[in-house]
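Q: Just dropping this structure here.
The values are calculated or read from the model by the stated rules, or taken from the named source; none is laboratory data. Quick caveat: nothing in here was measured; it's all calculated off a predicted structure. Note that each Cβ is placed from the backbone with ideal geometry, even for glycine, and that neighbours are counted across all protein chains shown.
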Amino acid sequence: MNDSALIGTDKSDDFEPIFERPRSSGSEEFSLHHIWCTIRSHKRLLLGLIITAVLLAAITQFFTTPQYQTLATVQVELIDATGSNDADASSKNAQRIANETRLYRSQAAAKQVVTDLNLLSYPPFGQGVNTPVSDEQLRDAADKLLSWVAVQSVSGSDLIDIRVTSPSAELATKIANQYPASVRTMRLKKRQENKSEVIDKLTAEAERLSNELNEAEQKVADFRRSKRMLVGAGGGEDLAQINRIAAEAASARGISSGASARSAGVERAAGMRSTATATSALLQQQQNQYDSLLSEKAKLSASFGPGHPDMASLNAQISELRENMRSERASVGAKANMEAMAAAARERELARSESSGAAARAGQMNAQLNAITARAYSNTANMVEMSKLERAAEVARITYLSTAQTLEDLRAKLGIVGVNSALAAAAGIPSTPISPKPARTIASAFAGALILGLLIIFAIELLDNKLRNATQMQRLFGLRTMAMFPSIAEMDAVKVEDSPVTLEPQSLFAEVARAFHSEISDIRLSEAPQSVLITSALPGEGKSTVALSLCAAAAAMGRRAILIDFDLRRPTILQEIQQNLDGPDIAAILAGNAEVTALLPEPEQTEHSKNKREIISYRPVVLSVREPVRDPASLLNKNRIARLLADLNDRFDLVIINAPAALAVRDARTLRNLADHMIMVAKWGTTTIPQMRAALNLLGGTADGVVYNRVDYEEHARRGYSDPIEYFVQNAYYYDDVVQPPKSIFGKLRDLFGNINPAARNT
């Protein structure tokens, strides 16, 4: 097996990390392969999720109460579209079905079903409650029932499906078949309640408005009575009376004035007018009738308003009689004048005696005129308030009539029957439960867990920033991977000879160490001795083990190699080895208390079994401290270290510097300038990309390569990076290591049944 197969180096960058876009059509199968390998690498997680989900599903199904489901179908009464607008009828029918569906889903309908079937006597609802039911108990039972019931209208039809799921098949059937009857009962009850409620409200409102109307009309009558306003008083009636009295007064004044100038004529004319007035029986009859009508109008006004038919008829009679009196008066006056002219000579003396009476009459008429005029002015002012009262009464009358009409209309509408629905197909008693269904549930749990597991795996991979392969190093940092050391048990080395490279030279670990040494030799600039600094991003990543293995491999291959440990702050395996050495430690040498010559290794000779040639190897040299140094700064003087390294380069072929972790202390940056090459150590699957980037930036951004330590070869192969490690694992029998090729599922089954079957064990 060649070195590239051991270290996983890929200089051509032909391999793509998982989930990256393939660069050619030939890389497609590699992407699919990587996905499969990714799933396989997380098989424990995936199998754990699946097993957990299946077990939970099985346990849940075992303890789940069986549920039975039944179906009843209800038909909704629709509008007949014959002779009407089909589109409008269709819209109204769709609305009917939707409203009926909502009604069946309502809590009110559920309460009615609970009441009709006395469901509170069933333990699932009321725990056997037989006492008077409270609203809260009824509401809780209705909510429970609604959780059992699913109502759905059938598309394109007038049907509604009622599905009831219950632990009891018989109870589910009763509920489904009871729903239409309970909804009908609820609808009738609600309609009756609404009818009574609406009619009662409107009746009360009508009574209130009637009382308001009566009060308004009473105010009108009271105002007329208090102001002594007869029906029709004011306006034209007052003006006519004023004109009449004014005319009489003017006439009397004229007679009086004429009597002063022409006493005989005035007296005669006055006597004739008086005679004509006195001798007119018809006018006197009309006056008596007029007074009678006025008295009757005053009586009626106390009971009726001006708009009443009797009042209107009486006003018409009064107006007609007044006009007749005016005509008769004019006629009588003309006749009197003619008679007066005819008797002027005879009554001259009589006029003189009556002149004084005419003057008195004129005075009386003026007084009467003033009184009537004052009353007319008063009536005019009162008519403003009277108009307000009459308008208020009219508004009350209109409101009352409108409310009464609305009441009659609602009575007619409430008598109309609403939407009806009836049971079209009764529900039957189910014989088998719909749940639990173990097979289906377990299958669903399996599928769900599988999908969830895959999503989690892909999310883990997408969010994974751990370093694991050579492609990552090349792509992200431009570093070649020089070796990938397999994960081994913790080294209990107390002597340099206890290194796995020395103890197990045929192991995979030893082979990787030798391949690593070859990579180090290839980067040598000349035949001169070389110095290599080995560090890592963080402590605990195995750089001391890598450095010791490199030193052991170099010594075994005939190079004088020395490992200098500058990681002095914490105990390490190198310090344990130093404790078992007789020579000086690095503290004594740096302090000048010992010489480097005491460290020179002696060659060892071994005999090759094949060609009998002698091969010279050297014992690896380790230089550390026996106890951790509390203050390494005082010891690690740069000039001292430079002189020490120069002296060692003169005496050794390979000087390996074990530096502290780069992100822990600053020593590695200082030591970097004193070495020819620098190698970074990354712990496989642990060191992150940001950690490596930060360490490289701190060290100047340059390194000659990287070494993966503690690589899980089996896991690496399962991830399918398509690098030499994957193919090595398939042929791991070549080495004496414990790394085993991954077995197929058939191989695992063979092992399982082979262990169980006694016959198989005997063979």
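Q: List every residue pair whose Cβ atoms sit under 6 Å apart, with the two residues 6 or more apart in sequence or on different chains, where the first one lies in segment 386-405 and is more than 8 Å from L213 (Cα to Cα) and the second, anywhere, is surrounded by 18 or more Cβ atoms within 10 Å (Cβ to Cβ) and aromatic (F, W, Y).
A: none
Q: Could you check F63 against (1) over 26 Å from P433 (Cβ atoms); (2) surrounded by fewer than 12 Cβ atoms within 10 Å (Cβ to Cβ) and say which number it fails?
A: Checking F63 against (1) over 26 Å from P433 (Cβ atoms); (2) surrounded by fewer than 12 Cβ atoms within 10 Å (Cβ to Cβ), the one that fails is (1).
Q: Okay, next question. Find all pairs meeting these conditions: Cβ atoms under 9 angstrom apart; at least six residues apart or on different chains; first residue within segment 287-300 and under 13 Å from Q317 (Cα atoms); second residue surrounded by 15 or more Cβ atoms within 10 Å (Cβ to Cβ) and among the basic types (K, R).
A: Y290/R322
Q: Tell me, please, whether a residue that is touching a helix residue (DSSP H, G or I) at 6+ places or on another chain (Cβ under 7 Å) and either modelled with pLDDT of 50 or more or not in a helix (DSSP H, G or I) (or both) can be found in segment 742-761.
A: Yes, segment 742-761 contains a residue that is touching a helix residue (DSSP H, G or I) at 6+ places or on another chain (Cβ under 7 Å) and either modelled with pLDDT of 50 or more or not in a helix (DSSP H, G or I) (or both).
Q: Within segment 677-698, track down each residue that is surrounded by fewer than 21 Cβ atoms within 10 Å (Cβ to Cβ) and closer than 12 Å to I534 by Cα.
A: H677
Q: When segment 45-58 is examined, which residues are found to be within 27 Å of L145 (Cα to Cα) and at pLDDT 90 or above?
A: Quick first cut of segment 45-58, residues within 27 Å of L145 (Cα to Cα) only: 57.
Within segment 45-58, no residue meets the criteria.
Q: Take the residues of segment 158-180 that are acidic (D, E) and outside any helix (DSSP H, G or I): which is modelled with the highest pLDDT? If you could, list the steps in order and put the result at the bottom.
A: Taking segment 158-180 and keeping what is acidic (D, E), we get 158, 161, 170.
Among the residues that remain, those that are also outside any helix (DSSP H, G or I) are: 158, 161.
Numbers: D158: 88, D161: 94.
The extreme case among them is D161.
Q: Within segment 532-593, which helices (runs of 4 or more DSSP H) (wholly inside it) include 1 or more residues that are modelled with pLDDT of 85 or more, of a type outside the set (A, V, I, L, M, F, W, C) and under 60 Å from the mean Cα position of the chain (by Cα)? Outline the logic, then answer.
A: Numbers: elements: 543-556, 573-579, 586-590.
Result: 543-556.
Q: For segment 656-672: of the residues being modelled with pLDDT under 90 and touching a helix residue (DSSP H, G or I) at 6+ places or on another chain (Cβ under 9 Å), which is surrounded by the most Cβ atoms within 10 Å (Cβ to Cβ)? Outline the logic, then answer.
A: Residues of segment 656-672 that are modelled with pLDDT under 90, as a first pass: 664-672.
Okay, now just the ones that are also touching a helix residue (DSSP H, G or I) at 6+ places or on another chain (Cβ under 9 Å), so 665-671.
Working: V665: 16, R666: 12, D667: 21, A668: 27, R669: 15, T670: 14, L671: 24.
Top of the filtered list is A668.
Q: I would also like to ask the following. Tell me which of these G415 doesn't satisfy, since it passes every other one: (1) more than 43 Å from the chain's Cα centre (by Cα); (2) surrounded by fewer than 13 Cβ atoms within 10 Å (Cβ to Cβ); (3) at pLDDT 85 or above.
A: (3)
Q: Determine, yes or no, whether E490 is more than 25 Å from A675 (Cβ to Cβ), in the same structural domain as A554 (by TED's automatic domain parsing) and touching a helix residue (DSSP H, G or I) at 6+ places or on another chain (Cβ under 8 Å).
A: Details: more than 25 Å from A675 (Cβ to Cβ): yes; in the same structural domain as A554 (by TED's automatic domain parsing): yes; touching a helix residue (DSSP H, G or I) at 6+ places or on another chain (Cβ under 8 Å): no.
Against the criterion (more than 25 Å from A675 (Cβ to Cβ), in the same structural domain as A554 (by TED's automatic domain parsing) and touching a helix residue (DSSP H, G or I) at 6+ places or on another chain (Cβ under 8 Å)), E490 does not qualify.
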